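Derivation of every value follows stated rules applied to the coordinates shown; laboratory data play no part. Remember, it's a predicted structure, so these values are computed and weren't measured experimentally. When we count neighbours, we look across all protein chains shown, and the Cβ atoms used for this are built from the backbone with ideal geometry, even at glycine.
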Amino acid sequence: MPDLDLSPDRLLKGAAVLFTLLGASFLVWVVDTWMEHPETRATQFGFEAPLWPALGGFVLVAIVAIGTLFWRAAERVETGEDLFGQRHRRRASDWKENGEAS
């Protein structure tokens, strides 16, 4: 069995690719459903608008944002940055009784 490289940067890049593929497949489904049922409308607070363009736009923005987030995190890990190194509070025991960091 081949030795798998489970380094954090590869896992993050894999998550970015997986999320992008899943999101793209959902986006394809949205467009396909839009073609079959273009009359579907969404209503909220008395306003009515076409459902599919809004849903497709939201999914597209989410794919780009989350895919970019994962990919940038992978690049930062690849350069040796500890993504959790500058956290304010690593453990509850790091805080004094008055709430200040020790």
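T20 passes every criterion in (1) surrounded by 12 or more Cβ atoms within 10 Å (Cβ to Cβ); (2) over 18 Å from F58 (Cβ atoms) apart from (2). Just to verify a result, which residue in region 32-70, among those that are part of a helix (DSSP H, G or I) and among the polar types (S, T, N, Q), is surrounded by the fewest Cβ atoms within 10 Å (Cβ to Cβ)? Applying the filter and picking the extreme gives T68.
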